[in-house]
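Comments concern the structure below.
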Amino acid sequence: MVQMYSYEPKNGHGLPHDPFGAIVGPRPIGWISTQSKAGIANLAPYSFFNAFNYVPPIIGFSSVGYKDTVRNIEETGEFVWNLVTQDLAEVMNQSSAAYPPETSEFDAVNLEKASSKLVTPPRVAKAKVAFECKCTEIIQLKGVSGEKVETWLVLGEVVNIHIDQSLLKDGIYDTAKAGHILRAGGRGDYFTIGQEQLFELLRPR
């Protein structure tokens, strides 16, 4: 019989490190660029990120704490998601530092910006994929008790997509070639995606 380790999160996990983030993973990284009303470009990674709808395409990320990114989106209604690949892992990590609102992470970590087409916030020029987004909802999360927590879920419709053409093989996006990295919990655990992880599983009809 399998021996299960069980605990109620409200009472603590009793382990060296909270396993929740490692179990719900690996997860795509929400590397979000925004621009303040004062014109300062902001860039920050979020490990709670995913896609939620096909038509229209809707993505979202969750910010633990009301940070510059959330404030900028609330004020302007726009943001850009930038794909993090293995070549950008270190600079992505550097952009997570706690810079003051008047400092642009693009400048702080020496990242080139690229203009977006339909929104004001810039893209990461070296990102192989970018989604320009218009915010649809910002929701402050709450627990089962109804009490609000200091976490904000930001949802946005993707209004324009940029893809490095070298990643389109016969018109099909090549995930393995792109070199995506994924957050895997722990203090600093990540995974890569490669062709060796690929397998096909078709839905039953």
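Nothing in this text is a laboratory measurement; each read-out follows from the coordinates by a stated rule. Being a predicted model, the structure only gives us computed values, none of them experimental. Cβ coordinates were reconstructed from backbone atoms using ideal geometry, including for glycine residues, and neighbour counts include every protein chain displayed.
Each Cα pair under 8 Å and six or more residues apart adds its separation to the average, and for the range 1-59 the resulting relative contact order is 23 percent. The Cα-based radius of gyration of the chain, divided by its Kirkwood radius, gives an Rg/Rh of 0.99.
Spatially close Lys pairs in the chain, defined by Cα atoms under 23 Å apart and a spacing of eight or more places or different chains, total 22.
The relative contact order of the range 75-187, computed from alpha carbon pairs under 8 Å that lie at least 6 residues apart in sequence, is 27 percent. Taking every alpha-carbon pair under 8 Å whose residues sit at least 6 apart, the chain reaches a relative contact order of 24 percent. Calculation over all alpha carbon pairs of the range 57-99 in 10 angstrom steps from 0 returns a P(r) of 20, 51, 28, 1 percent. Rounded to the nearest 500, the helix-only mean residue ellipticity at 222 nm of the chain stands at -2500 deg cm²/dmol, with each DSSP H run of n ≥ 4 adding -39,500 (n - 2.57).
Within the listed set ASN82, ASN42, ASN11, the residue fluctuating most in the Gaussian network model of the chain (springs between alpha-carbon atoms under 10 angstrom) is ASN11. Judged by the gyration tensor of its Cα atoms, with axes a ≥ b ≥ c, the range 32-104 is oblate; a/c meets the 1.5 cut and b/c is at least as large as a/b. The residues packed around GLN94, meaning those with a beta-carbon under 15 Å from its beta-carbon, carry a net charge of -4 if Lys and Arg are +1 and Asp and Glu are -1. The spacing between the range 89-132 and the range 8-49, judged by their C-alpha centroids, is 17 Å. The residues neighbouring PRO28, those whose beta-carbon lies less than 15 Å from its own, together hold a net charge of +2 under the Lys/Arg +1, Asp/Glu -1 convention.
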